[in-house]
Amino acid sequence: MKYDFQNSTYSKLWDSKEGGALLTYLLNDPELIRSNHNFWRQKFTVDPNITPTAADGTATFTSRLRKLESGSLLHMRAPMGDTIVRDKQGVEFYTGIVPDFISDGFREQAMEREYKEQQFVENFGNDAMIIAQFANEVQALVDSADQTLSNMGAQVMTKGHIYYNFGQGITGGLYKAEIPAENFITAGAKVWADPDCKLLDQMREIENKFKEAWGLEFPMQWEVPYDMWHNVILKNNQIRTWVLENRKLNNQVVVDDMVVTEAMVKEYIGTFEGVSPIVVIEEKQKDEGVTVHGWKQNIAVLRPRGYAGVIRHTTILDQKMYQKYGSNLISRVFAKTLNGLCTVENITLNNGNMKEWQTHLMMSAIPSLDEFLWHVICDTTTAD
Amino acid sequence: MATKDNYTGYFAGRTLVQQRGSIGGARSVFVKLQGNKNELVFPTFGGQIKNPFKGRAKLYAGDLCEYRTNDNGVKPEIFILKTYEVVSASGKTVKIVRDGYRHIPFVGDILGVAPETIGGAMTAATVVGVKATSDAWELTLDTTLTAAQGDVLVEADKAGEGAKMLVGNINTVCSCDYDMLYEPVAETNLTEENADYENARYFFTPCLGGLMYTHKMSPIPACIKALNTSKVNGWFKVGAWGNF
């Protein structure tokens, strides 16, 4: 039986009636579309609320924290003696905006589709391979969105702001989180890569300094990038000595010049009192073929354990406009993916005497740093 | 307690302030033609307005813009064509038309009479004072500007002689009015080290096509009229669609 391309599953992905549900199903099937860049999922959850877009074009979110300060010792008094007043504590906040992003797009006109049909369908008799190829193309778009969120999340965690100068579109600063100036610190007595750096002592000193300043203790963790972990921390003399001495105490094998591995450090770091666990951050993205990091590579972050914030998101004006006022000569199918953060649009329009099909992904989302008062950014390459 | 942008806060008294205007009314600028058109086509990415008004102001439907890309056709920036029609000029004082449908001038604007051709030399002066009267803006400039009634002032890339128009080309149109309600950043090309996050940056996407009645648009200098692709007297077209 000759295969009928016009009634194929692939064609239906652009159909104005069935396409929405079918595209949504495909985009959210983890067997077809994978999550390849997961840094942002480790550090941020998706805001369950939509950040509204106001008529003046702003999509403004607010991140707020109560400043927690410990009280002071009591004042001894004589009976009937009154007291002095205490300054009231405020709620620290900052606002940021949700920008708009778009992926590369795909475009196929009728002659190109005929060429594809002849190649795939006549050989295979069904459109499974075409769907697989489409899924691969959409995978690239979803990867772009994942990478964008990961890059921005890593930026705000290590710089306190997001400056977007990637891609081929608009560039510039997006927002700055209200991390207190005193939370931006230097490495300590020595830069961390210095062979004589007592790294564990310096890390403990930093933690003690903030515990004293805040008057409070939270479960904290250090977060360091992959290269710093392997090239600085695992090779640090104090850490090596600490790990190897502990191995000897525990009757484990120690040989001269043995490599200290991640597992060994994690096993014994907890026994060095006063230093919180160290988490290794693996994140990188591709920008037009060049590898980039949102995480500033000389930065170690000390922050409360748990999520750093949420992904704020707003509605996409294009979808609203086209659904309300779109020309009926152009058919559009919208479907959400990535926990509702992204919208893939399949468009069918005329090109001369024939049709043309287009696909692209849009996202209006940004990570917000929501533990900003307790977030410490340490420049490990500059000594005090 | 007031916040950094001073748009939220509390005043334990009574503040008297008023707004007025009309909503919904419009002066139609686009030519009405029956048949399918190709005006509402949006170029790639849109862009940031690189020459925003220096305060609260408005762009109008039919206003002309330059969608400026690099040699690869990407990394777009938007430059809006701001124009001001001269009523009279004397020494360092220039009066321009104010009727509610015109662009608003601001202190700090660098303006001059539009050259005969885009890219031609012009002389520009910096606006150091703006006063509103019932039907005109009275501008005080830092140097004398020679201008006659009916001349159109445009933004220049620098003050003094040998300046050039800031807008180098016209290839897009505002499809509707845009209200800019916030103080913009003072400088639109800030690097990451000195980025300004608190003042407004405006991103929008003008359309690649438009067919407008010339007399209903913001005033157009002769060098911009020369870019008109319409063959009909009194119409101004942006884009290559349609043979009219």
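Readers should treat all values here as calculations from the given coordinates under stated rules, not as data from a laboratory. Everything numeric here is computed off the predicted structure, so don't read it as measured data. Positions of Cβ are backbone-derived with ideal geometry, glycine not excepted, and every protein chain shown enters the neighbour counts.
Numbers below:
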| item | result |
| --- | --- |
| B:Gly168 being away from every other protein chain (no Cβ under 14 Å), exposed (fewer than 13 other Cβ atoms within 10 Å of the Cβ) and under 19 Å from B:Pro52 (Cα atoms) | yes |
| Subset tally (residues that are buried (at least 17 other Cβ atoms within 10 Å of the Cβ) and charged (D, E, K, R)) for the stretch B:95-145 | 5 |
| Test result for B:Ala121, under 30 Å from A:Ala54 (Cα atoms) and either more than 14 Å from chain A (Cβ to nearest Cβ) or more than 15 Å from the chain's Cα centre (by Cα) (or both) | no |
| Qualifying strands (runs of 3 or more DSSP E) (wholly inside the stretch A:279-384; at least 1 residues being under 22 Å from A:Ile162 (Cα atoms)) | A:285-287, A:290-292, A:299-304, A:309-313, A:342-351, A:354-363, A:365-369, A:376-379 |
| Selected residue (criterion: nearest to B:Leu59 (Cα to Cα)) from residues of the stretch B:182-197 that are surrounded by fewer than 17 Cβ atoms within 10 Å (Cβ to Cβ) and either among the β-branched types (Val, Ile, Thr) or in contact with a Lys or Arg (Cβ under 6 Å, 6 or more places away or on another chain) (or both) | B:Thr188 |
| Qualifying residue in the stretch B:225-239 (condition: on the phi > 0 side of the Ramachandran plot and either within 14 Å of another protein chain (Cβ to nearest Cβ) or surrounded by fewer than 20 Cβ atoms within 10 Å (Cβ to Cβ) (or both)) | yes |
| Residue pairs meeting the criteria (Cβ under 9 Å; at least 6 apart or on separate chains; first within 21 Å of B:Lys216 (Cα to Cα), in the stretch B:41-62; second small (Gly, Ala, Ser) and outside any loop (DSSP other than H, G, I, E, B)) | B:Ala61/B:Gly210; B:Gly62/B:Gly210 |
| Subset of the stretch B:171-190 that is within 14 Å of chain A (Cβ to nearest Cβ) and aliphatic (A, V, I, L, M) - its residue that is nearest to the chain's Cα centre (by Cα) | B:Met180 |
| Residue satisfying condition, being aliphatic (A, V, I, L, M) and more than 15 Å from the chain's Cα centre (by Cα), within set B:Leu211, B:Leu166 | B:Leu211 |
| Hey, A:Ser70 among the hydroxyl-bearing types (Ser, Thr, Tyr) and either part of a loop (DSSP other than H, G, I, E, B) or more than 30 Å from A:Met220 (Cβ to Cβ) (or both) or not | yes |
| Search result, residues across the stretch A:58-67 that are in contact (Cβ under 8 Å) with a residue 60 or more places away in the chain and either on the phi > 0 side of the Ramachandran plot or not in a loop (DSSP other than H, G, I, E, B) (or both) | A:Phe61, A:Ser63, A:Leu65 |
| Residue that is under 14 Å from the mean Cα position of the chain (by Cα), farther than 27 Å from A:Asp318 by Cβ and among the acidic types (Asp, Glu), where the choices are B:Glu193, B:Glu155 | B:Glu155 |
| Residue list for the stretch A:216-251, restricted to those being assigned to a helix (DSSP H, G or I), under 16 Å from A:Ile206 (Cβ atoms) and polar (S, T, N, Q) | A:Gln238 |
| Of all residues making up the stretch B:90-103, the number that are assigned to a loop (DSSP other than H, G, I, E, B) and in contact (Cβ under 8 Å) with a residue 24 or more places away in the chain | 7 |
| Those strands (runs of 3 or more DSSP E) lying entirely in the stretch B:158-244 with at least 1 residues farther than 19 Å from B:His103 by Cα | B:160-163, B:210-213, B:235-238 |
| Output for the stretch B:189-235, where each listed residue is within 22 Å of B:Leu153 (Cα to Cα) and among the hydroxyl-bearing types (Ser, Thr, Tyr) | B:Tyr213, B:Thr214, B:Ser218 |
| Residue within the stretch A:69-81 that is of a type in the set (Ser, Thr, Tyr), closer than 30 Å to A:Lys176 by Cα and within 23 Å of the chain's Cα centre (by Cα) present | no |
| Looking only at the stretch B:48-89, and only at residues there that are among the polar types (S, T, N, Q) and in a strand (DSSP E or B), the one that is farthest from the other protein chains (Cβ to nearest Cβ) | B:Ser88 |
| Wholly within the stretch A:101-176, strands (runs of 3 or more DSSP E) carrying at least 2 residues that are away from chain B (no Cβ under 14 Å) and touching a residue at least 40 places away in the same chain (Cβ under 8 Å) | A:106-109 |
